[in-house]
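The values are calculated or read from the model by the stated rules, or taken from the named source; none is laboratory data. It should be emphasised that the depicted structure is a prediction, and the values quoted were computed from it without experimental measurement. Ideal geometry is used to build each Cβ from the backbone, glycine not excepted, and the neighbour counts take in all protein chains shown.
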Amino acid sequence: MKLAALLVCFCSLAIGQDVATKIKSEAMDHSQVAPVFEMFTVNIGPRLTASPAQKRAAEYARDRLAAYGLENAHLEPWHFGRGWTLEKLTLEMVEPRYMPLIGYADGWSPSTSGEITASPIWVAGKSATELPSIKGAIVMTDPVMTTFIRKDRPNPSDPSYEPMSAAYATSVGGARGGGGRGAAAAIAQAIRAAGPAVILKPSRGEHGTVFVTGRDGGPGAIPTITMAAEHYDMIAAMLQHNVPVKLRINVQTKFYDSDNGNAYNVIAELPGSDLKDEVVMIGGHLDSWHTGVGATDNADGATTVMEAMRILKAIGAKPRRTIRVALWSGEEQGLLGSKAWVENHRNEAPRIDVYYNIDNGTNKIYGWYLQNMASVQDLFNQWLEPMKAIGARRNVIEPVGSTDHLSFIDAGVPGFNPIQDYGNYDIRTHHTNMDTNERLDVNDIREAAAVMAWFAYSSATQDARIPRPAAK
């Protein structure tokens, strides 16, 4: 009996190694990464949630996955609210000299009432009761920007890695301390109530890098522009020195109330065999912000999981469990698309074996954040080994947050996100106008897709299920 069991073990290992080889060969020799990535970034461009571009990208992904031969490729709508696009932006200094200025309207900013030419009023440091008359004015709300983002997070798969401090983790995430929040909310409310024509604020980026997000402020919202910090600081310095300044600004945007306020997730499957009612999921978000083309956040991730599914189908993989891919919308507004899906499919959570997400960072998959789950460490280390030939290095026990695997963890499903490259990610591309194709190497997406396909296949063929995370 022991000999028979040993032979079965060796046979399973040999089959697994053969599949790993086929996955890597298909990924490197027959890649379809470039046309998919270029469709998302070159042809479609930025894919703000609930915008026409986001729906076009979702429809393209659905059709492409179906063309690969995957089953049940479809869109799943969920209620988000109004879509939005930026139609026109003018931002110029016209006195004491002419200069075009770098800036972008925040997402869901309303339009200005036409073109405005006026001297800006700087209200930084004033309390709600100290505000001058700003009705119909161009208002600069923030102090001179000095706290720039100047450091990327470290790569924990690097042998020289040291865990980042809590203070640095907070600075990367953009969070601020609790002190002063009440006062900030009060002044923001007072400014809004005073009815300025447009609000200007500085970005935390340097060298023309502008971090831009935004949200739908509803009726009474004020048109808002985030400026390159250097240009904002230049205008502030001129005002400090009593130099007369005039700006010319025009913001024109469009809201979309049609389609019942829906955004769309994309789903497709590779059916399993004897354990087909159990599901292994892989995914990433398809939506992006509106200033760059969302190349690193997250067209590369969406391309990775689509390519992983294509690879598995192309090599004739026969998973025991069903492998399902999901492309989410609404991630940038708070993981909303994945949360909606998990809530709508809560009865399926016990059948979902594991969810592998890909978002933070770019290029290769070096390993996985194990979310403090020591129970999967040996297994993930074993699975990573055949991928080291294409750049994988090591897994780390620590967790990572701020992306869609958290929606699954909250539902009791094991969820993991890979370790990737963070060079120029936090300081240059993440939510910025510099999130463009030049920031990554498409060849690295091929390797990432191979790792994703291999982990999905390995999870879908092993006898035991992935251990569940500890209950909160």
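Only one of the numbered conditions (1) assigned to a loop (DSSP other than H, G, I, E, B); (2) surrounded by 14 or more Cβ atoms within 10 Å (Cβ to Cβ); (3) within 35 Å of the chain's Cα centre (by Cα) is not met by Arg150, and that is (2). Looking at Arg321, is it charged (D, E, K, R), more than 30 Å from Pro156 (Cα to Cα) and surrounded by fewer than 24 Cβ atoms within 10 Å (Cβ to Cβ)? The answer is no for Arg321. Which of the residues spanning segment 104-131 are of a type in the set (A, V, I, L, M, F, W, C), within 11 Å of Pro223 (Cα to Cα) and not in a loop (DSSP other than H, G, I, E, B)? Selection gives Ala105 alone. The residue that is farthest from the chain's Cα centre (by Cα), among those in segment 30-88 that are in a loop (DSSP other than H, G, I, E, B) and of a type in the set (Gly, Ala, Ser), is Gly69. Just so you know, in segment 213-232 the residues that are outside any loop (DSSP other than H, G, I, E, B) and touching a Pro at 6+ places or on another chain (Cβ under 8 Å) include one that is surrounded by the fewest Cβ atoms within 10 Å (Cβ to Cβ), and it is Met227. Summed over segment 277-325, residues that are closer than 18 Å to Gly415 by Cβ and out of contact with any helix residue (DSSP H, G or I) (no Cβ under 7 Å at 6 or more places or on another chain) total 5.
Yes/no per residue for (1) closer than 30 Å to Arg150 by Cβ; (2) surrounded by fewer than 20 Cβ atoms within 10 Å (Cβ to Cβ):
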| position | (1), (2) |
| --- | --- |
| Met234 | yes, yes |
| Met238 | yes, yes |
| His241 | yes, yes |
| Ala263 | no, no |
| Leu275 | no, yes |
| Trp289 | yes, no |
| Asp297 | yes, no |
| Gly316 | no, yes |
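So is Asp353 within 27 Å of Ala27 (Cβ to Cβ), among the acidic types (Asp, Glu) and modelled with pLDDT of 95 or more or not? Judged against the criteria, Asp353 is a match.
The conditions of being of a type outside the set (Ser, Thr, Tyr), assigned by TED's automatic domain parsing to the domain that holds Tyr422 and assigned to a helix (DSSP H, G or I) are met by Asn381. Pairing each residue of segment 210-237 that is closer than 15 Å to Arg192 by Cβ with any residue that is modelled with pLDDT under 95 and surrounded by fewer than 18 Cβ atoms within 10 Å (Cβ to Cβ), provided the two are 6+ apart or on different chains, yields C-beta distances under 8 Å for Gly220/Arg192; Ala221/Arg192; Ile222/Arg192. Counting only strands (runs of 3 or more DSSP E) that sit wholly inside segment 233-315, those with at least 1 residues that are closer than 21 Å to Ser407 by Cα and modelled with pLDDT of 95 or more are 262-270, 275-285. Among the residues of segment 60-89, those that are without any contact (Cβ under 8 Å) to a residue 60 or more places away in the chain and not small (Gly, Ala, Ser) comprise Tyr60, Asp63.
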